[in-house]
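Q: One structure is given below, represented as structure tokens, and several questions about it will come after.
None of the figures in this text is laboratory data; all of them are computed from the coordinates on show. Computed from a prediction, not measured in an experiment: that's the story for all the values here. Note that we place each Cβ from the backbone using ideal geometry, even for glycine, and neighbour counts take in every protein chain shown.
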Amino acid sequence: MRISLNWLKQYIDLTISPSELAHHLTMVGLEVENIEDLGGKYNNFFVGKVLKVEKHPKADKLVICEVGIGKQQYQIVCGAPNVTPGQKVAVGLIGATVPRNQHDSDGKPFTLSQVKLRGVDSYGMICSEYELELGEDKEGIMVLPPDSVGGIPLAEYLHIDDIIFEVGITPNRPDAMSHLGIAREVGALLNREVMIPKIELKENNEPISNFATVDVLDSVNCPRYTARVIMDVEIGQSPEWMQNRLKAVGIRPVNNVVDITNYVLMECGHPLHAFDYDKISDHKIIVKCATKKESFTTLDHKVRILQSDTLMICDAKLPIAIAGVMGGESTEISDATTKIIIESAYFNPRSIRRTSKYYGVNTDASQRFERGTDPNITAWAVDRAAQLINEICGGETLQGRVDVYPERISEKEINLRIKTTNDLLGLSLSATTISELLSKFGVQLIDDGSKDSAKELLRFKVPTFRPDIEREIDLIEEIARAYGYDNIKLKMSSSVHFLYDHHSFEYIDELRQQIIGRGMMEVVTNSMQDVSVASLTTDKIVKIANPISKDMEALRPSLIPSMLDIIHHNIDHGIANLRLFEIGKVYFNDHITNEFQVIKGYSEEDRVVLAFSGNAYPSAWDQKPRSLDVFDIKGEILTLFEKISLDNIKFIPYSNTDALTEYGLTIEINGEYAGLIGVIRSTILSKFNIEQDVFISELIVSVLERNRSKKKQFKSLPKFPIVARDIAIVVDDGLEIEKIESEIISAAGKILNKFQLFDVYIGDQISPGKKSCAYGLELRAEDHTMTQDEIDKVMQKIIDRIQYNLNGTIRK
Amino acid sequence: MTAGKSRPRLSITIMVEDFFISYIGNTMLNKIGKIKQSAINDIQTIRSLSDLDNYRIKYLARKGLVADLFDELRNVSAEERPHIGKIANELRNQVQSLFDEKKQNLESNVKHEQKRLDLTLPGRLSWVGTQHPLTQTLDEIKRIFFRMGFGIATGPEIEDDYHNFEALNFPPDHPARDMQDTFFISDKVLLRTHTSPVQIRIMENQPPPVRVIIPGRVYRNEAVSARSYCLFHQVEGLYIDEGVTFSELKGTLVAFAKEFYGSDIKYRFRPSYFPFTEPSAEMDITCFLCKGKGCRMCKQTGWLEILGCGMVDPNVYKFVGYDPEKYSGYAFGMGIERITLLRYSIDDIRILFENDVRFLKQF
Ligand SMILES: [Zn+2]
């Protein structure tokens, strides 16, 4: 909220600078987020009087003026046609920054310095409205009314010589949402007295009870209702000083009565409401909950359908205000109003909050009521308003107040243990110090514990303007605040080790480093996306009930689409070779309970997505670039898996089954589904405006983690030599390579150390419809050097299998 | 093929055992020694194949020094001849191998020259991986707290109202809930607005002491702008044991801040409000851009807010069944995005989620 320094100074003597004050407020928990110097732009501008005007000896259009500012006189050369002696004018002196330069097409500001104009010294400038940003008139200097006070700063003359503190007030501190509230805190800090305005209210001798009645039917939600009636007021504009005060804190002036209620609100923090007395049926106010779904028009001219548990202020017939939130149009103060009722009530915070949330209306009043106002200030606040109304709008205040307060809300009494306090804060404060510290904030010692056997229990009474202080711990916080957080010494106990089950977090860290080591760049993307995108892969989408926008209505069930967005962005910015990955969560609306569910019906799963697009390897001067294909990705995944200790991996081709990919491979590790490799469908690519192939692999982190070979065990190095043999197998073109490989594996058995496909040939050298697959085999027995005979037998076994099972031949 | 590598390791020790060596024999041995020394010296000065040919003529040709030596061997007595002959033979072999090695080196140099290899051509590169600045920041924070004896824990992003608010002492219909604009999935299920619900989940599942940090993604229903994004990442800390004090909280966090931001930082703790801690504080450090003088980054205050913290509120203990009379503790939380933006002077949070490769490469 905005706090005006001038306003604050009405209640407390302040000799410290605004920045010091801001520091003090911040350090007591009222964070000053910004300091605004309202008059700052008129630094070095003053109201001056033109004393003398003489012709410039060398220029027809210029005159030399003698201008008085206070006791000082300044020579100023001026070019305006309308300058004459005796005028009151706005003068900028050397160092002043003129907000707009009327000789510059953009009106840029400029700073005044001492200049010679055609040989004559000039020590400032008499400004036009345009130059001061006070109007658009450029034709001559701005002439102020003759009765203006000369010599004062222009900001003061304009009533904007104020400093505004933007204070961030946490929800527990409704007491600080006013100038008196802030003054109270500052007073406690600086040991200064706070001057609360004295109220001298003249009442006439007509008792209020003859003119108005108040009936509170719901005293739970309205524990106190206080009101006054004022007759014969004259509605008009409020005085300029009040308008300036309100404008400075961001409130638009309306009329004198409304302005006064707002003024009292910003002064003491208690919201008031003024009704037009004549428009209240039977002059009777009834406080009760709405009973039926009727419509009601609020002050902002909006029609609202009332909900049955909304606390309403009603007259004998109809509702006239939503209690504590906003008044109604029908009883609004208008120019024709002559009699008013001022309401000063205390409402239940929870009820006001529910109402404010339900209708989506957040007002200065509701903000304070829902945080908790002081129930015992209502009489003071209504009297203060009546006094100001009598002063400003005339009229007569009827004798007495209506005050429905069946059960007084009294000051809370709280026990405090000295040892507990010191133990928690790490201090050793005495009972005396504690009670002195608390008394700064108005918390009074009522029992010093002398009757307590341990002499350890103190009892305090908390003022009703501090609804946040309810428990011992709340008092401890006040003690810490008064003592100063910065005065509490640092301590660090020797570190204690408690280890938690955080393997999966470590695993993700390891996985991330391994993938980065494979030359991939990590991205972090939004987990919210469009429903149409999320539903590409599943119908078990988690939807957000109140999304920011339609394109963030669902939680992602796959990491692929957000990755495609990133790929699109980068290609769009000229980067076509991409190797990106993300480790993140996906979310499902899942009614089958599984290991990832904490909240029933929803599951979250960690995944990793790897995406590749563009060239297979970085371009070099002697290599032709080659586009990626799916085997690059398969190789990447295998290399990565080897690095992260995964084996028994199976790739199973699929096509036309996945929504995002056109074809690819599902990956199984030890028979468990671990994810897939695929080529993004062209329809999906065009949806994301991508015009080049994108290869992806999405893997489930927990499956990778679960299947890694955990213990590393040393195996002695082979003692016998490897025998290398090449073999070229000719089979039908359509036969899957995997089939050949499984035949080789089962034929050779244990002695097959390694094999590698090094060529696939289709062409003139072999029959049409056939392919030749050349393998390099490495054979080795663990316990002896293999003989030629042994090797030939194994090779023959492989050949037999190929011929028999695959109808293949061997190419010589 | 550096000079060092081709330096011959020659050492013919002339050992004479049980022999009486004649004058002639002795002269021969001296001569062999001299030839050997000069052969070693000469080979090192050779820079070209034609130099090498001169060397061959000098030592190994039919009329060369080594051949001369064998001629002179005739003058040596029959008793001494086998012995000295063996030494002369060794010399010949060694000079020959000096010559061969040099020849190989010079020829391969010539081959390189013939290829005219331009060594200023660029090398063939591989792809370079990068770690996202957010996970880098988180890694550093984790490392510091691990060293201070903290463990790590995580929890779900889809949370219930109870863990996200109620058990953290945000009563229903309380204005404190407005501090965190919430995305709802259903009436009582929401996207967590902070990592603090994991505190509750830990305390529900284990007795004190507890000493963990809790990293994770959190969501706020706020319009996306340069200063705020609809989701961000937090690291939460929780320490509960007997006798944990506010001074301990300050000590730990100051130690963290000095480790992370540098030991010369100034800091301050100022009162604040979080429903689940009391007393609550926010910790500021001196702005590292302007060193406290005031600049755009610190909004002219000279201070940067880096974290929120406080002593765990006794109401929270009630929800999880800890005895507030026996245990006390502290909690703290910081935003990874905020820290990352500050560290690298990034002025728009959205760039973190844009993942432009030109941006990622900078970290
Ligand atoms: Zn700064």
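Q: Order B:346-353, A:295-302, A:361-368 from most to least packed using the mean count of other Cβ atoms within 10 Å.
A: Working: B:346-353: 16.1, A:295-302: 14.2, A:361-368: 19.9.
For the peptides B:346-353, A:295-302, A:361-368, the packing ranking is A:361-368, B:346-353, A:295-302.
Q: Still on this structure: Within the set A:Lys412/A:Lys451; A:Lys540/B:Lys361; A:Lys293/A:Lys357; A:Lys600/A:Lys650; B:Lys258/B:Lys326, which residue pairs have Cα atoms separated by over 27 Å?
A: Numbers: A:Lys412/A:Lys451 21 Å; A:Lys540/B:Lys361 36 Å; A:Lys293/A:Lys357 17 Å; A:Lys600/A:Lys650 34 Å; B:Lys258/B:Lys326 31 Å.
A:Lys540/B:Lys361; A:Lys600/A:Lys650; B:Lys258/B:Lys326, as the Cα separations exceed 27 Å there.
Q: Convex hull over the Cα atoms of segment A:617-738, averaged projected area in nm²? Walk me through the numbers on the way to the answer.
A: Working: hull surface 50.5 nm².
Average projection, Cα convex hull of segment A:617-738: 12.6 nm².
Q: Per residue of B:296-303, count partner chain C-beta atoms within 10 Å of its C-beta, then hand back the mean as an integer.
A: The per-residue average across the peptide is 2.
Q: Can you list residues from other chains, or at least 5 along the same chain, whose modelled amide H is less than 5 Å from the amide H of B:Ile152?
A: For B:Ile152, the qualifying residues are A:Tyr500, B:Ile213.
Q: Step through the residues of segment B:187-202 one at a time and calculate ³J(HN,Hα) from phi using the Karplus curve (6.51 cos²θ - 1.76 cosθ + 1.60, θ = phi - 60°), rounding each to whole Hz and writing x for Gly and Pro.
A: Listing the rounded values in order: 3, 10, 10, 8, 8, 4, 9, 7, 7, 4, x, 5, 3, 4, 4, 5 Hz.
Q: For chain A, divide the Cα radius of gyration by the Kirkwood radius and give the resulting Rg/Rh value with two decimals.
A: 1.16
Q: Return the long-range amide H neighbours of A:Ile285 (sequence gap of 5 or more, or a different chain), with a cut-off of under 5 Å between placed amide H atoms.
A: Excluding prolines and chain starts, which carry no amide H, the hits are A:Thr213, A:Val214, A:Asp215.
Q: Further question on the same structure: Across segment B:206-223, in residue order, what do the Karplus-derived ³J(HN,Hα) couplings come to in whole Hz, using 6.51 cos²θ - 1.76 cosθ + 1.60 with θ = phi - 60° and x for Gly and Pro?
A: For segment B:206-223, the Karplus-derived couplings read 8, x, x, x, 10, 8, 9, 10, 10, x, x, 8, 10, 10, 9, 7, 10, 4 Hz, x marking Gly and Pro.
Q: Taking Cα pairs under 8 Å and at least six residues apart, what relative contact order does chain A come out at, in percent?
A: 8 percent
Q: Report, to the nearest 10°, how far helix B:133-147 tilts away from the longest principal axis of the Cα atoms in chain B, using its own Cα long axis and a range of 0 to 90°.
A: Compared with the principal axis, the helix lies near 90 degrees.
Q: Let me ask something additional. Output the pairs from A:Lys715/A:Lys797; A:Lys543/B:Lys318; A:Lys461/B:Lys266; A:Lys585/A:Lys739; A:Lys712/A:Lys754 with a Cα-Cα distance over 27 Å in this structure; if there are none, say none.
A: Values: A:Lys715/A:Lys797 29 Å; A:Lys543/B:Lys318 33 Å; A:Lys461/B:Lys266 38 Å; A:Lys585/A:Lys739 37 Å; A:Lys712/A:Lys754 21 Å.
Where the Cα-Cα span goes over 27 Å, the pairs concerned are A:Lys715/A:Lys797; A:Lys543/B:Lys318; A:Lys461/B:Lys266; A:Lys585/A:Lys739.
Q: Taking the simple approach of a point 7 Å from Cα along Cα-to-Cβ for both B:His112 and B:Asp347, what is their distance in nm?
A: Here the answer is 5.3 nm between the modelled labels.
Q: Could you compute the FRET efficiency for A:Val303 and A:Asp282, with r as their C-beta to C-beta distance and R0 at 22 Å, rounded to 0.05?
A: 0.35
Q: Here's something else I'd like to know. To the nearest 10 degrees, how steeply does helix A:630-643 sit against the main Cα axis of chain A, on a 0 to 90 scale?
A: That helix lies at roughly 80 degrees to the long axis.
Q: So what is the calculated 222 nm ellipticity per residue for chain A, using -39500 (n - 2.57) for each DSSP H run with n of 4 or more, over all residues, to the nearest 500 deg cm²/dmol?
A: Details: 20 runs with 206 residues, N = 812.
Taking each H run of at least 4 residues, the total per residue is -7500 deg cm²/dmol.
Q: Label-point separation (nm) for A:Ile94 and A:Glu738, each offset 7 Å from Cα along Cα-to-Cβ?
A: Roughly 9.0 nm, to one decimal.
Q: Further question on the same structure: Quick one: which residues, 5 or more positions from A:Ala345 or on another chain, have an amide H under 5 Å from its amide H? H modelled 1.01 Å from N in the peptide plane, none for Pro or chain starts.
A: Under 5 Å from the amide H of A:Ala345: A:Thr226.
Q: Stretch A:His573-A:Ala774 to full length: gain in nm at 0.36 nm per residue minus the Cα-Cα span?
A: 68.1 nm
Q: So, one more: Three principal axis extents, largest first, for the C-alpha atoms of segment A:707-812, in Å?
A: Computed over segment A:707-812, the largest-to-smallest principal extents equal 49, 39, 22 Å.
Q: What is the Cα centroid distance between segment A:515-590 and segment A:374-428, reported in whole angstrom?
A: Value for the Cα centre distance between the two parts: 54 Å.
Q: Taking R0 as 30 Å, what's the FRET efficiency between A:Lys750 and B:Arg124 from their Cβ-Cβ distance, rounded to 0.05?
A: Once rounded, the FRET efficiency stands at 0.15.
Q: While we're here: Please compute the average number of Cβ atoms from other chains found within 10 Å of each residue's Cβ in peptide B:148-154. Write out the running numbers ahead of the final one.
A: On the way: counts 3, 7, 6, 7, 8, 4, 6.
Counting Cβ atoms of other protein chains within 10 Å of each residue's Cβ and averaging gives 6.
Q: I'd like to know which of A:Ile516, A:His568, A:Thr355 lies farthest towards the positive end of the charge dipole of chain A, counting +1 on Cβ of Lys and Arg and -1 on Cβ of Asp and Glu.
A: Positive-most Cα among the choices belongs to A:Ile516.
Q: Hey, quick one: spin label on A:Phe110, modelled 7 Å out along Cα-Cβ, who in segment A:36-73 has an amide N within reach, i.e. under 18 Å?
A: Taking a point 7 Å out along Cα→Cβ of A:Phe110, the residues of segment A:36-73 whose backbone N falls under 18 Å are A:45, A:61-63.
Q: Also, quick follow-up: Using a/c under 1.5 as the rounded threshold, could you call segment A:764-812 rounded, prolate or oblate? The axes a ≥ b ≥ c are square roots of the C-alpha gyration tensor eigenvalues, and prolate needs a/b larger than b/c, oblate otherwise.
A: Judged from the Cα gyration tensor, segment A:764-812 comes out prolate (a/c at least 1.5, a/b above b/c).
Q: Then there's this: What translational diffusion coefficient, to the nearest whole µm²/s, does segment B:133-360 have by Stokes-Einstein, given a Kirkwood radius computed over alpha-carbon pairs, a temperature of 20 °C and 1.002 mPa s viscosity? Could the numbers behind the result be given before it?
A: Details: Rh = 18.2 Å.
Diffusion coefficient, whole number: 118 µm²/s.
Q: Also, quick follow-up: Just to confirm a number: summing +1 for Lys and Arg and -1 for Asp and Glu over residues other than A:Phe641 whose beta-carbon lies under 14 angstrom from that of A:Phe641, what do you get?
A: Within the 14 Å Cβ shell, the charges total -1.
Q: Separate question: Could you state the per residue volume, in Å³, of the convex hull enclosing the Cα atoms of segment A:430-483?
A: Values: hull volume 4.0 nm³, N = 54.
Dividing the Cα hull volume of segment A:430-483 by its residues yields 75 Å³.
Q: Which net charge results when you count Lys and Arg as +1 and Asp and Glu as -1 among the other residues whose beta-carbon is under 14 Å from that of B:Val66?
A: +3
Q: Using only atoms on other chains, find how many Cβ atoms lie within 10 Å of each Cβ of peptide B:226-239 and report the average.
A: The mean count of partner-chain Cβ atoms within 10 Å per residue comes to 1.
Q: Could you state the angle between the C-alpha long axis of helix A:349-359 and the longest principal axis of the C-alpha atoms of chain A, as a value from 0 to 90 degrees rounded to the nearest 10?
A: Rounded to the nearest ten degrees, it is 70.
Q: How far apart, in nanometres, would the label points at A:Gln73 and B:Asp181 be if each is projected 7 angstrom from Cα along the Cα-to-Cβ direction?
A: Simple spin-label model gives 6.2 nm for this pair.
Q: Further, regarding this structure: Net charge within 10 Å of A:Tyr11 by Cβ-Cβ distance, Lys/Arg positive one each and Asp/Glu negative one each, not counting A:Tyr11 itself? Can you show the working numbers first?
A: Working: positive: A:Lys9, A:Arg184, A:Arg192; negative: A:Asp13, A:Glu193, A:Glu267.
Result for the local shell: 0.
Q: Let me ask you something else. Apply 1/(1 + (r/R0)^6) to the Cβ-Cβ distance of A:Tyr358 and A:Leu14, taking R0 = 45 Å, and write down the FRET efficiency to the nearest 0.05.
A: Numbers: r = 42 Å, r/R0 = 0.93.
Once the sixth-power term is evaluated, E becomes 0.60.
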